[in-house]
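Some notes on the structure that comes next.
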Amino acid sequence: MTTSDGTERLLQIVWDWLRHQSFLRSPLFPVFFSLTVYLSCCLPYIILDLLCSRLTLVRRFKIQPQSEVTWAKAWRCWCRILHNHVCFILPLSVAHGHWRPVFSPTLAPEMLTVFKDVLACLLLFDTQYFLWHLLHHKVPWLYHSFHKEHHLYTATFSLTTENTGVWEMLSLSFFATLNPLLLGCHPLTEMLFFVTNMYLSVEAHSGYEFPWSPHRVVPFGLYGGAQHHDLHHLKFKVNYAPYFTHWDRLLGTLQGTQRKSRTLKR
């Protein structure tokens, strides 16, 4: 059996297990899944934030080492996140469940198809968010009415990822939900896109820069990552794209991140 065959078999085993679980059809599942994935992605960075003030080894990887994540900041973000999910995501999930029943094909998608579809969804989301983000920074009324809440902190940490107003949360959730439908993705691919999208979003807001960070894996500076987004929260008028750098490069809003490189060298 080749590696490819083994991967395909693993995907099929995972999908066979998932499609026989009754909780997937529950209107509570999208909220539970969203919060579970989000908190799972945040947890490693929350632990790092707790250790940062005690361990120099951790602090040297922090993009803004002078900033401190307090319990008050974390609690404020958590209350906002929980409020948005319970008051808005939950009722919308119930409505969505009636409008679009769960589709469970027998066969799992092929691994290459999963990779291509997840990448296509990420690129489409990146474009949608870039345009949305740019508009909300260029139009003062939109910024102050809807986007300012997300810029409450100039030094981001993992829980600030979803520290947003209702309009922003619903807009971005709509894009993330719509894209797999537009591209005709398999339900398993849709779930994997959500997990990937959430991880990359949390990583971009984590406030940490590691040798294994995603932007170091993607060649030619095509991916921004945490440094890229940290500069956006510091300077507001640069680096509008959430993940990739091509739109900022084309529109002249890309700013490099040499600052952290110098910090690491010290």
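Miscellaneous remarks
- Calculated log₁₀ intensity ratio I(q)/I(0) where the Debye formula runs over C-alpha points of the chain, q = 0.15 Å⁻¹: -1.21
- For the pair His20 and Lys116, a Förster radius of 30 Å applied to the C-beta separation gives a FRET efficiency near 0.65, rounded to the nearest 0.05.
- Helices meeting the span-like rule in the chain (full DSSP H runs, Cα extent of at least 18 Å along the helix axis, mean Kyte-Doolittle score of 0.0 or higher): 29-52, 111-138, 166-182, 187-205.
- An oblate overall shape is assigned to the range 167-212, the ratio a/c of its alpha-carbon gyration tensor axes (a ≥ b ≥ c) being 1.5 or greater and a/b not exceeding b/c.
- Unsatisfied cross-links (Cα-Cα over 24 Å) in the set Lys116/Lys148; Lys116/Lys235; Lys116/Lys237; Lys73/Lys235; Lys148/Lys235; Lys73/Lys148: Lys116/Lys148; Lys116/Lys235; Lys116/Lys237
- At an R0 of 35 angstrom, the distance between the Cβ atoms of Leu39 and Trp167 translates into a FRET efficiency of 0.90.
- Förster radius 41 Å - calculated FRET efficiency between Thr56 and Leu178, Cβ distance, rounded to 0.05: 0.35
- Protection proxy ranking, peptides 184-193, 10-19, average beta carbon neighbours within 10 Å, highest first: 184-193, 10-19
- Loop-resident sites, the range 203-233, for chymotrypsin sites (Phe, Trp or Tyr not before Pro), counting at most 14 other Cβ within 10 Å (DSSP): Trp212
- Packing, as the average of other Cβ atoms within 10 Å across residues, places the peptides 168-178, 226-236 in the order 226-236, 168-178, highest first.
Quick note: the coordinates plus some simple rules give every number you see, no bench work behind them. The structure displayed is predicted, hence computed values, not measured ones. Neighbour counts are summed over all protein chains in view; Cβ atoms, including those assigned to glycine, are modelled from backbone coordinates with ideal geometry.
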